[in-house]
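Below is one structure, written out as structure tokens; comments come after it.
The values are calculated or read from the model by the stated rules, or taken from the named source; none is laboratory data. Quantities reported herein were computed from a predicted structural model and do not represent experimental measurements. Here the Cβ positions follow ideal geometry from the backbone for every residue, glycine too, while neighbour counts run over all protein chains shown. Heavy atoms of the whole protein, side chains included, go into the accessibility calculation; ligands, DNA and RNA do not. Shrake-Rupley method; radii C 1.70, N 1.55, O 1.52, S 1.80 Å.
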Amino acid sequence: MVTDRETNQVYFSELLATDGRYRDAWRSITAALDKHGVRYGLLKGTKDIWCRDYMPVQQSADSFIQFRYEPSYLSAHPHLKTDPAHVLQVYGLRAQHSDINLDGGNVLRWTDRVILTDRVFEENPALTKARLHDQLENLFEAEVIIIPAIRSDMTGHADGLVRFYDRQTLICNRMADEYQYWQRGMRKVISQYGFDYVELPLFEYKEKQYPLSAIGCYVNYLEIGDLILVPVFDVPGNKDQEAIDTLAQVFSNRTIETVNINAVARQGGLLNCVTWNVLDDKV
């Protein structure tokens, strides 16, 4: 599998750049990328800004897996469902197709390991858990590790819970800040696979008009090459500085940049959600 550190190009839905609600967020993100010479582009033909979910998963420099994109949480909102085949056709990209229903935001990659939440089982009820697990390992050519999803999270994605630092080390939401059932389930996974882990703070910030808000989640950062682009929130009760200090210590040989994209966060996602970063060996 291609790891985030190996990637050198990042794409965004064109909607992020053209929707006036996200003007300041787009400027902040691109300013940070420009500062460090990171190449980026826009994806046309998308229906929402969460391009991580509907774009294919990169397995190697010239190999992509396109999963079926029919998330249950969009069943009542078909106008928001992007057709991946259309986007791939526009850009002349080829990908191996899979009938497994899986969002990219629920796929965390290391070279020989992949982490998904157990939401993948709910999204594929026609397959037994064992059969689905085997099919995923064959597709990824990697060990598939299942962690518990947050039940109240509409998407059930992994990228708001944990990230790989290396094969044996995870960066995850602080256990004490999460639900007890998630703590128990996650500790079982950590024990089973012998993971070390670093905790990032998590806080809840309620705004009545934004019930899906992701404000308060720092683990949903963008990692591309040597750059770690971290969301900060600058709202009452924030833990911005603690998150920055922790990541700066963990990624001591990398570059940390921060951006405030609260307009995006209020819609339910953050930096990993709005990006599709790839290894382009032609760059």
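The table below gives the values:
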quantity: Where 208, 44 fall by accessible area, highest first, once all protein chains stay in place (1.4 Å); calculated: 208, 44
quantity: Relative compactness, the range 144-194, computed as alpha-carbon Rg over 2.2 N^0.38 Å; calculated: 1.08
quantity: Accessible solvent surface per residue of the range 95-209, calculated while the other protein chains remain in place, 1.4 angstrom probe, Å²; calculated: 48
quantity: Mean ellipticity per residue at 222 nm, deg cm²/dmol - from DSSP H runs of n ≥ 4 across the chain, formula -39500 (n - 2.57); calculated: -7000 deg cm²/dmol
quantity: Solvent exposure, largest accessible area first (probe 1.4 Å, DNA, RNA and ligands not counted), of 131, 94; calculated: 94, 131
quantity: With every protein chain in place, the range 1-152: carbon and sulfur % of accessible area (1.4 Å); calculated: 47
quantity: Value of Rg/Rh across the chain [Cα atoms, Kirkwood radius]; calculated: 0.92
quantity: Where labels lie 7 Å past Cα in the beta-carbon direction, separation of residue 280 and residue 167 in nm; calculated: 3.0
quantity: Nitroxide proxy distance, nm - points 7 Å out along Cα→Cβ at residue 112 and residue 72; calculated: 3.4
